[in-house]
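To start, the structure under review is shown below, and the notes come after it.
The values are calculated or read from the model by the stated rules, or taken from the named source; none is laboratory data. Remember, predicted model here, so these are calculated numbers, not experimental data. Glycine also receives a Cβ, built like all others from the backbone with ideal geometry; neighbour counts cover every protein chain displayed.
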Amino acid sequence: MGGSEEEDIRRRDLETGSDRNGGGEKDRAFDIQNIATHEFGHPVGLDDLYDEIYSELTMYGYSSKGETKKCSLEEGDIAGAQQLYGAP
Ligand SMILES: [Zn+2]
């Protein structure tokens, strides 16, 4: 008993930055176009990416306040969509 509670809290803190439950982005004051573009990816079948190598992609699940790099779909996002639906 004991010892794991602190770790659970730390893990929860890490997950606060994610929208893995789908609604986490709503109450954040991020650039609205970032979020709109990111959220646009979900209905077309793209999942959030949490691997650090995807940190430049719009579908990266972790956002930091004020960032603007999610203003456009990046190559990897498009590649993901094309994997699902085929290239145009
Ligand atoms: Zn998302």
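Table for the structure above
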| quantity | calculated |
| --- | --- |
| Matching residues, segment 15-48, being outside any loop (DSSP other than H, G, I, E, B), more than 9 Å from the ligand (Cβ to nearest atom) and modelled with pLDDT of 55 or more | I32, Q33, N34, A36, T37, F40 |
| Residue satisfying all of: in segment 55-87; assigned to a helix (DSSP H, G or I) and closer than 15 Å to Q33 by Cβ; modelled with the highest pLDDT among these | D77 |
